[in-house]
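Notes to accompany the following structure.
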Amino acid sequence: MEPWKPITSAPRDGSTILAYLPAPPEPDRRQDVVAIFWDAVCGWATAYSGARLDSEPTYWMPLPAPPGQEAAAAPLRRRRRASAPGAAGLRL
């Protein structure tokens, strides 16, 4: 697995990456590592739901290889942007 890199060097092309979010000063919050991608409209968003992050990540790394493929490097996956906000997954 690659080492953590400063978030300023992260790809901003829709690739899914792992990001480190430090613990904020509030006592009921915690540090976290999440899969995210850069969205040109809203900034950093979660890969799971596309929701905008409510805190700024500080470090990132590429996704690790899937289980059973540990020796191979995981390629960066790019997300496709929906044609209109909120239109993803809608079928008429």
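The values are calculated or read from the model by the stated rules, or taken from the named source; none is laboratory data. Predicted, not measured: the structure shown is a model, and the values here were computed from it. Cβ sites come from the backbone with ideal geometry, for glycine too, and all protein chains shown count toward neighbours.
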Those residues of segment 1-30 that are surrounded by 15 or more Cβ atoms within 10 Å (Cβ to Cβ) and farther than 16 Å from TYR59 by Cβ come to a total of 1
Going through (1) in a loop (DSSP other than H, G, I, E, B); (2) modelled with pLDDT of 85 or more one by one, LEU92 fails only at (2)
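Exposed (fewer than 13 other Cβ atoms within 10 Å of the Cβ), modelled with pLDDT under 90 and either among the basic types (Lys, Arg) or closer than 19 Å to GLU2 by Cβ (or both), is that true of GLN69? First the steps, then the outcome.
Details: exposed (fewer than 13 other Cβ atoms within 10 Å of the Cβ): yes; modelled with pLDDT under 90: yes; either among the basic types (Lys, Arg) or closer than 19 Å to GLU2 by Cβ (or both): yes.
Here the answer is yes, as GLN69 does meet what is asked.
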Flagged in segment 31-66 as part of a strand (DSSP E or B) and surrounded by 15 or more Cβ atoms within 10 Å (Cβ to Cβ), in numbering order, are VAL34, ILE36, PHE37, TRP38, ASP39, TRP44, ALA45, THR46, TYR59, TRP60, MET61, PRO62
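Name the single residue that is farthest from PRO64 (Cα to Cα) among those in segment 1-51 being polar (S, T, N, Q) and within 11 Å of the chain's Cα centre (by Cα).
To start, the set of residues in segment 1-51 that are polar (S, T, N, Q) comprises 8-9, 15-16, 31, 46, 49.
Narrowing the set further to residues that are within 11 Å of the chain's Cα centre (by Cα) leaves 15-16, 46, 49.
On the way: SER15: 13, THR16: 11, THR46: 17, SER49: 20 Å.
So, considering only residues that are polar (S, T, N, Q) and within 11 Å of the chain's Cα centre (by Cα), the one farthest from PRO64 (Cα to Cα) is SER49.
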